[in-house]
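Comments concern the structure below.
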Amino acid sequence: MAATAFTNPSSAAFAALFAKRIVVLDGAMGSLIQGYGLQEADFRGTRFTTHPHDLKGNNDLLSITRPDVITEIHSRYFAAGADLVETNTFNSTSISQADYRTESLVTEINTAAVACARAAALQAEAATPGRRCFVAGAVGPLNRTLSMSPDVNRPEYRAVVWPQVVAAYTEQIRALLAAGVDALLIETIFDTLNAKAALFATASLFEELGIRIPVMISVTITDASGRTLSGQTVAAFYHSVRHARPFSVGFNCALGAKDMRPYLEELAALAECHVTCYPNAGLPNAFGGYDEQPADTAAVLRDFAAQGWLNLVGGCCGTTPDHIAAIAAAVRDLPPRRTPALEPALRLSGLEPLVVE
């Protein structure tokens with residue numbers, strides 16, 4: 001695919017970094033928030049003391065009520081060696097925020113989250129003159145799905161429909177763009193149709209606003225079947241999203257790094273863009289925690305990078321600044337993956353890929 005021109009100078013600098021070396025993403029946000037022992041009063045702050053619904057657990061709202069905590073977490077990841085942090089906006093759409101009756105705050109939540117991340121980036125740059133630190137607007141998968149029914153007795157039923165999902169993503173992404181993110185990261189994708197709604201919203205906004213920044217896509221393989229929750233193989237998923245000219249495609253969440261190996265190798269051979277991997281710290285234990293140590297995660301990702309499969313590494317659930325520091329050190333001397341030159345072909349997808357050569 002042809003190279004894309006970006007309208008934001010910082011996005012251009014971000015893209016240039018990928019040509020030089022393997023880029024380092026941050027780690028988990030939720031795991032670190034839990035470590036602060038925040039209570040209902042922290043989530044409410046002074047502004048939402050009379051809100052009619054419990055707010056504890058709405059981590060995205062902390063960008064408004066406890067920006068000090070969110071900014072500090074971003075700063076810890078930059079200090080660990082991350083080049084890029086994700087905004088605290090995984091659930092910052094009207095559909096997801098409806099669970100807390102805070103859907104009217106979507107624009108404000110996204111704006112505040114970018115401010116927290118940007119403040120940490122500026123602090124890190126000031127501490128090391130010449131360093132560039134970047135902010136990616138995190139766009140999560142939603143807590144509703146377009147492809148599957150939540151009612152086993154009504155397979156035709158959907159909890160949401162396409163226009164609702166597009167509208168929700170459009171509101172979030174518009175706010176992230178207005179706040180000045182360097183890239184968008186559509187992540188933890190389990191339903192390709194939800195992802196396509198996010199990509200449609202993004203493309204529409206780019207056209208409306210006359211801008212373009214890097215769009216990163218990260219999918220979740222849910223188990224050893226090598227498929228997304230909505231049933232697609234790795235190749236079929238890539239064929240489904242390549243029309244959007246993504247800056248990168250990769251994997252995160254669900255599996256630990258070592259279990260991603262065959263899927264990452266497959267994607268690295270067929271992706272005409274950068275390839276990313278930010279796994280969990282292994283599989284969860286019986287208590288829902290993660291036991292994989294930083295050195296173990298880093299060793300697996302170093303092996304992947306040494307195979308020439310990666311352009312960006314980082315961590316997802318259970319990973320900490322210690323994981324990111326170990327990962328950054330592990331890949332520091334390794335070159336980034338080179339994009340393969342593929343023969344032109346008609347590449348289609350259903351649950352399986354179809355290539356007509």
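The values are calculated or read from the model by the stated rules, or taken from the named source; none is laboratory data. A quick note: this is a predicted structure, and the numbers were derived from the prediction, not measured. Heads up, the Cβs are rebuilt from the backbone with ideal geometry, glycines too, and the neighbour counts pull from every protein chain shown.
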- Query: What number of residues within the range 160-189 are outside any strand (DSSP E or B) and crowded, with 24+ Cβ neighbours inside 10 Å?
  - Reply: 8
- Message: Here is a check on your reading of the model: is residue 25 of a type outside the set (D, E, K, R), modelled with pLDDT of 95 or more and closer than 30 Å to residue 344 by Cα?
- Response: no
- Can we say residue 146 is touching a residue at least 40 places away in the same chain (Cβ under 8 Å), in contact with a Phe, Trp or Tyr (Cβ under 8 Å, 6 or more places away or on another chain) and closer than 28 Å to residue 245 by Cα? yes
- Query: Out of all the residues in the range 105-159, which are out of contact with any Ser or Thr (no Cβ under 8 Å at 6 or more places or on another chain), surrounded by fewer than 23 Cβ atoms within 10 Å (Cβ to Cβ) and not in a loop (DSSP other than H, G, I, E, B)?
  - Reply: 105, 107, 108, 111, 118, 122, 125, 126, 127
- Query: Here is a list of conditions, (1) in contact with a Leu (Cβ under 6 Å, 6 or more places away or on another chain); (2) closer than 29 Å to residue 77 by Cβ; (3) in contact (Cβ under 8 Å) with a residue 60 or more places away in the chain; (4) small (Gly, Ala, Ser), and residue 115 meets all of them except one; can you say which number that is?
  - Reply: (1)
- Message: Just to be sure I understand, how many residues within the range 259-280 are within 21 Å of residue 323 (Cβ to Cβ), among the aliphatic types (A, V, I, L, M) and free of Cβ contacts under 8 Å to residues at least 60 places away in the same chain?
- Response: 2
- Count, please, the residues in the range 29-47 that happen to be more than 22 Å from residue 179 (Cα to Cα) and touching a residue at least 40 places away in the same chain (Cβ under 8 Å). 4
- Task: Go over the candidates 35, 45 one by one and state the one that is out of contact with any Cys (no Cβ under 6 Å at 6 or more places or on another chain), surrounded by fewer than 19 Cβ atoms within 10 Å (Cβ to Cβ) and closer than 29 Å to residue 292 by Cβ.
- Result: 35
- Query: more than 19 Å from the chain's Cα centre (by Cα), more than 19 Å from residue 190 (Cβ to Cβ) and surrounded by fewer than 24 Cβ atoms within 10 Å (Cβ to Cβ) - does that describe any residue in the range 279-286?
  - Reply: yes
- Message: Here's a check for you: in the range 28-52, which residue that is part of a loop (DSSP other than H, G, I, E, B) and in contact with an Asp or Glu (Cβ under 9 Å, 6 or more places away or on another chain) is nearest to residue 319 (Cα to Cα)?
- Response: 29
- Residues satisfying the stated conditions in the range 272-308, i.e. among the aliphatic types (A, V, I, L, M) and closer than 16 Å to residue 335 by Cβ: 275, 301, 305, 306
- Message: With the structure loaded, tell me whether residue 151 is acidic (Asp, Glu) and either farther than 22 Å from residue 188 by Cβ or in contact (Cβ under 8 Å) with a residue 60 or more places away in the chain (or both) or whether it fails that test.
- Response: yes
- Name every residue in the range 221-258 that is part of a loop (DSSP other than H, G, I, E, B), free of Cβ contacts under 8 Å to residues at least 60 places away in the same chain and either at negative phi or among the aliphatic types (A, V, I, L, M) (or both), in order of residue number. 221, 222, 223, 224, 225, 228, 246
- Query: Among the numbered criteria (1) touching a Phe, Trp or Tyr at 6+ places or on another chain (Cβ under 6 Å); (2) under 26 Å from residue 249 (Cα atoms), which single criterion is violated by residue 111?
  - Reply: (1)
- Item | Condition met for residue 273 (of a type in the set (A, V, I, L, M, F, W, C) and at pLDDT 95 or above) | yes
